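First the structure, in the form of structure tokens, and then the observations on it.
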Amino acid sequence: MKKRMAVLGLVTIAVIALAAIGGTTQSQASSNSQDFVTGSAMFDVVQAHVVVSAHSGPAGEDPGGHFSLDQGIGDIQVWAEVTCLTVAGNLAVIGGETVRSRSGIPAGTGVLQSVQDFGSPGDMDRSQTIVGVPTPVNCALFAPGFQADRGNYVVNDAP
């Protein structure tokens, strides 16, 4: 139990590579007049898979979508619905609220996901997550720290 709480504590305090389960498509973002982030990536160092599908108006209005994390280290699995999105160039931060988890993280827990798109094939893309924050309403930008081993993110910053 102490080990589980320690891992959970690290998750809620530390910034972690977010791994998500599920599929995404750019069709959810209907045009380049929207900010959006789509894609998935694998991170071997933390045994994580992250999938993201988030969109909003160009000023972050009317955010929607989902993202999820499946991380082997700490046996963490969370699914979150988007509550905010901020995009600047190739960098995006998605905020969300956990809707379900298989790892003891309660529904309603806030999550922040930072994604940076360095183009195709995506092996230079970066991602990072903070779990255990208050549910974000505004997403402040922060640079992600984990480089993808496989996958690709697409970040669109609408004019």
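Some values worked out for this structure:
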| item | result |
| --- | --- |
| Flag for Ala14 being of a type in the set (Gly, Ala, Ser), open to solvent by less than 40 Å² (accessible area, probe 1.4 Å), touching a Ser or Thr at 6+ places or on another chain (Cβ under 6 Å) and modelled with pLDDT under 95 | no |
| Members of region 111-158 found to be crowded, with 18+ Cβ neighbours inside 10 Å, in a loop (DSSP other than H, G, I, E, B) and among the β-branched types (Val, Ile, Thr), listed by number | none |
| Odd one out for Ile76 among (1) farther than 18 Å from Ser40 by Cβ; (2) among the aliphatic types (A, V, I, L, M); (3) touching a helix residue (DSSP H, G or I) at 6+ places or on another chain (Cβ under 7 Å) | (1) |
| Every residue from region 22-38 that is at pLDDT 90 or above and farther than 16 Å from Gly96 by Cβ | Ser33, Gln34 |
| Test for Val99: is it of a type in the set (A, V, I, L, M, F, W, C), at pLDDT 95 or above, surrounded by fewer than 17 Cβ atoms within 10 Å (Cβ to Cβ) and touching a Phe, Trp or Tyr at 6+ places or on another chain (Cβ under 6 Å) | yes |
| Filter pass, Asp125 being under 13 Å from the mean Cα position of the chain (by Cα) and charged (D, E, K, R) | yes |
| Some residue of region 51-71 being open to solvent by less than 40 Å² (accessible area, probe 1.4 Å), of a type in the set (Val, Ile, Thr) and under 17 Å from Val115 (Cα atoms) | yes |
| Selection from region 89-108 of residues that are free of Cβ contacts under 8 Å to residues at least 60 places away in the same chain and farther than 15 Å from Asn138 by Cα | Thr98, Val99, Arg100, Ser101, Arg102, Pro106, Ala107, Gly108 |
| Check on Thr86, open to solvent by 40 Å² or more (accessible area, probe 1.4 Å) and within 19 Å of Cys139 (Cβ to Cβ) | yes |
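The values are calculated or read from the model by the stated rules, or taken from the named source; none is laboratory data. Nothing here was measured: the structure is a model prediction, and the numbers come from that model. Cβ coordinates were reconstructed from backbone atoms using ideal geometry, including for glycine residues, and neighbour counts include every protein chain displayed. Ligands, DNA and RNA are stripped out before the accessible areas are found, and what is left, the full protein with its side chains, is counted by its heavy atoms. Shrake-Rupley method; radii C 1.70, N 1.55, O 1.52, S 1.80 Å.
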